[in-house]
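Encoded as structure tokens, the structure appears first; notes follow it.
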Amino acid sequence: MKRSIINDIIRDADAFIRSFGYIMPPFAYWSPEEMKAHKADSSAIFSSRLGWDITDYGQEKFDELGLFLFTVRNGRYEDMKLGMGMLYAEKIMISRKDQLSPMHRHNIKAEDIINRGGGKLVLELFMHDRDGGIDPKAEVSVPVDGTIHRLPAGGLLKLDPGQSVTLLPGVWHAFWAEGKDVLIGEVSTVNDDLTDNVFREPIGRFSNIEEDVAPVHLLVSDYEKWVG
């Protein structure tokens, strides 16, 4: 993706998020220079990979296959092993109309996916087999706001604004917005996008960036290169 396109997506996403009354934390608006200046006193932003995340999964077709994310807070796996401390994470995301977030699962993360507003959020769901792959026959059972919903393998779960689904580790899921763009909330156990995403197809998690202009704000995938 070109950096100029990423900059435009960030601006458009911020306006869309604000239209629902959700205000981003102040660090969201730090320039790259400010991020560098805060390296020492805000180290948790970098170690927990908080911030902007725009992905086309390395496929160069963001409008068809992509997702906007912003990680607002995130704990540590070390605390999960102890069973105490910051064991949770929160993201705000945008799925554009008919834009696919591809089929994947998590080994560790449990998550609530919440339709915060816009169109319908559609999820295609499968259970996992004994090897962690997709079970093409098993019934899917997931809680929607505390009420169990059962679907056939590959069934489509459609969430209206205000509804949410809980996905436990191992549940395969892909999703997209229907009708209009959707603002999505995610509340989960500790998030690790470097190691805890298993995709059905051989794709990447992050975008390959062409630096045609300077970044307005850094992505989480920029931190190592730009901040160190």
Exercise for the section: Take the Cα atoms of the chain, build their convex hull, and give its volume per residue in Å³. Expected result: 128
Exercise for the section: May I ask you to give the solvent-accessible area per residue for the chain, in square angstrom, as obtained with a 1.4 angstrom probe? Expected result: 47
Exercise for the section: Identify which of GLY155, GLY51, GLY117 has the largest mean-square fluctuation in a Gaussian network model of the chain, with springs joining Cα atoms closer than 10 Å. Expected result: GLY155
Handout entry: Alpha carbon centroid spacing (whole Å) that separates the range 97-166 from the range 61-95
Key = 17
Practice task
Return the single residue from ILE54, ILE148, ILE92 with maximal mean-square fluctuation; model: Gaussian network over the chain, springs between Cα atoms under 10 Å.
Solution key: ILE148
Completion exercise
Amide H contacts under 5 Å for LEU100, restricted to residues at least 5 apart in sequence or on another chain and with H modeled in the peptide plane, are LEU65, GLY66
Practice task
Per DSSP H run of n ≥ 4, the term is -39500 (n - 2.57); total these for the chain, divide by its residue number, and report the mean residue ellipticity at 222 nm rounded to 500 deg cm²/dmol.
Solution key: -4000 deg cm²/dmol
Completion exercise
Largest-first ranking of ARG96, ARG11, ARG205 by accessible area, probe 1.4 Å, whole protein assembly kept, is ARG11, ARG96, ARG205
Practice task
Give me the distance in nm between label points sitting 7 Å out from Cα along the Cα-to-Cβ direction at ASP98 and ASP63, one decimal.
Solution key: 1.0
Problem - the chain: most fluctuating residue of PRO25, PRO215, PRO169 per GNM, C-alpha cutoff 10 Å - result: PRO25
Completion exercise
Row for the range 39-152, column shape: gyration tensor on C-alpha, a ≥ b ≥ c, rounded if a/c < 1.5 i.e. under 1.5, prolate if a/b over b/c, else oblate; value oblate
Practice task
At a Cα cut-off below 17 Å, give the lysines reachable from LYS81, other chains included and same-chain residues fewer than 8 away excluded.
Solution key: LYS109
Completion exercise
Carbon/sulfur accessible area of the range 1-136, % of total, 1.4 Å probe, equals 52
Handout entry: Shape of the range 1-53, Cα gyration tensor, a/c cut at 1.5
Key = oblate
Completion exercise
Rounded to the nearest 5, the percent of DSSP beta bridges in the chain running antiparallel is 95
Completion exercise
Looking only at lysines whose Cα falls under 24 Å of LYS36's and that sit 8 or more positions away or on another chain, we get LYS2, LYS91, LYS225
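The values are calculated or read from the model by the stated rules, or taken from the named source; none is laboratory data. The shown structure was predicted, so the numbers you read here are calculated from the model rather than taken from an experiment. Glycine gets a Cβ as well: all are built from the backbone with ideal geometry, and neighbour counts include every protein chain shown. Quick note on the areas: whole protein, heavy atoms, side chains included, nothing else; ligands and nucleic acids left out. Shrake-Rupley method; radii C 1.70, N 1.55, O 1.52, S 1.80 Å.
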